[in-house]
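The block underneath contains the structure these notes are about, expressed in structure tokens.
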Amino acid sequence: MHTSPAIRKVFEGVATRHEMYRMFNRHRGDPAMAEGEARHLFAGEWFEIAEAEHDYMLEILPPLFMRADMFAMREFMTGSVTSVFFSLCIDGRKRFFHGYCDLADRSAPERTKQAIVERELRPVRAMTRDERLDHIWSSTHDDYRGHAGARWPAAVQGKRTVLVFCGEMGTVLKLLDDLSDEEIAAKLPVQLRRLPPLAA
């Protein structure tokens, strides 16, 4: 049975071209990539980009398909998952987004579009804990993040890790999911630290 992955925002703010390309590679090093089981890593992820990046991606290759408010890249990231770019009117303003959609589910592009609009129409700017963790993962340099390897307990091997500063201990490697609220705040950009929490 085909199950649809969760649709989730993985970066707060409008990504620059450099940040956009970094997020295309945000799962590099994940064991699932080497095993060819990476569909769940990508499908459902989305983030905002600028109009220039949207138009630049449209000009790279002829799209796989094109509709009034979206187009899909012809090259697939993994299996049936590819990039879909959206041009959406939200609160009377045109905004642009990138999302990974699993085209084995023909409804995925439309559901992703609806999820983006619903998320961005919220009246108060806020972030869930998962969105904060994903933003940290998306914006942390490769040298300061990784995946739990053989030295970690078997139950957590392959999970995402980041370096954090722990006072007298200096920097230590921790599981991303185990960061405290204080550690999350310290790793977020200043402008995001005071955003109110949002229920998942």
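The values are calculated or read from the model by the stated rules, or taken from the named source; none is laboratory data. Since the structure is predicted, the reported quantities are computational estimates derived from the model, not experimental observations. When we count neighbours, we look across all protein chains shown, and the Cβ atoms used for this are built from the backbone with ideal geometry, even at glycine. Surface accessibility is based on the protein's heavy atoms, side chains included, excluding ligands, DNA and RNA. Shrake-Rupley method; radii C 1.70, N 1.55, O 1.52, S 1.80 Å.
Of the helices (runs of 4 or more DSSP H) lying entirely inside region 127-200, the ones with 2 or more residues being in contact with a Phe, Trp or Tyr (Cβ under 7 Å, 6 or more places away or on another chain) are found at 129-139.
Scan region 72-86 and give yes if some residue there is at positive phi, out of contact with any Gly (no Cβ under 6 Å at 6 or more places or on another chain) and open to solvent by 20 Å² or more (accessible area, probe 1.4 Å), otherwise no. Yes, because at least one residue in region 72-86 is at positive phi, out of contact with any Gly (no Cβ under 6 Å at 6 or more places or on another chain) and open to solvent by 20 Å² or more (accessible area, probe 1.4 Å).
The residue pairs whose first member lies in region 64-80 and is at pLDDT 90 or above, whose second member is assigned to a loop (DSSP other than H, G, I, E, B), and whose beta carbons are closer than 7 Å, counting only pairs six or more residues apart or on different chains, are F71/P63; A72/P63; A72/L64; M73/L61; M73/P63; M73/L64. Just to be sure before I move on: is E118 over 29 Å from Q191 (Cβ atoms) and surrounded by fewer than 17 Cβ atoms within 10 Å (Cβ to Cβ) in the structure I sent? Criteria not met by E118. When each of A126, A148, A154 is tested for being at pLDDT 90 or above, of a type in the set (A, V, I, L, M, F, W, C) and open to solvent by less than 40 Å² (accessible area, probe 1.4 Å), the lone residue that passes is A148. The number of residues in region 158-199 being more than 18 Å from S139 (Cα to Cα) and in contact (Cβ under 8 Å) with a residue 60 or more places away in the chain comes to 5. Of the helices (runs of 4 or more DSSP H) contained entirely in region 18-117, those carrying at least 1 residues that are among the charged types (D, E, K, R) fall at 39-42, 51-60.
One residue stands out among those in region 19-31 that are surrounded by 16 or more Cβ atoms within 10 Å (Cβ to Cβ) and hydrophobic (A, V, I, L, M, F, W, C): the one that is farthest from the chain's Cα centre (by Cα), which is M20.
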